[in-house]
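Trainee: Encoded as structure tokens, here's the structure I'll be asking about.
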Amino acid sequence: MPAAARADEVFTALSDPTRRAVLELIGGRGEATASQLARELPVSRQAVRKHLSSLAAAGLVTDRREGREVRYRITPAPMSEAMTWMATVGGGWDARLAALRRHLSRA
Amino acid sequence: MSEEASSELTVPASPEETWEALTDPEQLTEWLVEDAELDLRPGGDLAFRVDGEERGGFIEEVEAPRRLVFWWGPDGDEPTRVEIELEPDGDDTRVRVVESRPLRVLDARGVEVESWLSGGSSPHMRAPELSAIC
């Protein structure tokens, strides 16, 4: 998925205060179940599940089944996308600094 | 891991001249952008047109002629942080640029989400909220 598309999805997922609170709680605990999250938030477990699905769709959390429980954790940023970004942006600045040097050589 | 892209180059000018090239809108159009507007103070807005694309953002730090930090990004997209440092090197100046995606670490760590987004969902944050993540 292109970086821009993913960023849009991430921001949409994060635009809701409850979802942000869900993420913060998961981040603080490392891992959490919908029931644990519902106990700490003023919303139903049903609602927490819905938010978790949106966060998962945006790639922000992943789930893992353990016995009868589904545990959620924050997804680390995908490496390949990160590396692509670094290469593209770094290359962009290489070109810009070369242009700056040309500009200052003329001045 | 920290996600940052960096680049550096020595340019044939003093830090003061280099600083001018980095911050004077007219000079910026000579090497960086097609169009530039910027309010050169912490929290000041910037609006660039780069490669035909509009980029908005704001200035985080201004320390002439040594250090300039700003945030920029295409409208509605994840903004990135650009840190430019100038260091005298004889008659020349060493320019070092580090562009990073501080917002991206939230994916990995899930921390401080509330504090940086508490002002709303806009990716174009304001300077006071930055201390939480930088």
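Trainee: Checking the condition in a helix (DSSP H, G or I), at pLDDT 75 or above and not assigned by TED's automatic domain parsing to the domain that holds A:Val89, which residue from A:Ala47, A:Ala7 passes?
Mentor: On the way: A:Ala7 fails: at pLDDT 75 or above.
Just one listed residue meets the conditions, A:Ala47.
Trainee: Let me ask you something else. Need the failing condition index for B:Glu3 against (1) within 14 Å of another protein chain (Cβ to nearest Cβ); (2) free of Cβ contacts under 8 Å to residues at least 24 places away in the same chain; (3) in contact with a strand residue (DSSP E or B) (Cβ under 8 Å, 6 or more places away or on another chain); (4) surrounded by 14 or more Cβ atoms within 10 Å (Cβ to Cβ), just the number.
Mentor: Condition not satisfied by B:Glu3: (2).
Trainee: Go through (1) modelled with pLDDT of 95 or more; (2) under 30 Å from A:Val22 (Cα atoms) one by one and return the number of the condition B:Ser14 breaks.
Mentor: Against the list (1) modelled with pLDDT of 95 or more; (2) under 30 Å from A:Val22 (Cα atoms), B:Ser14 comes up short only on (2).
Trainee: Out of the residues in the stretch A:50-74 that are assigned to a helix (DSSP H, G or I) and either more than 21 Å from the chain's Cα centre (by Cα) or of a type in the set (Gly, Ala, Ser) (or both), state the one that is farthest from the other protein chains (Cβ to nearest Cβ).
Mentor: A:Ser53
The values are calculated or read from the model by the stated rules, or taken from the named source; none is laboratory data. Because the structure is a prediction, the values reported are computed rather than measured. Cβ atoms come from the backbone with ideal geometry, glycine included; neighbour counts cover every protein chain shown.
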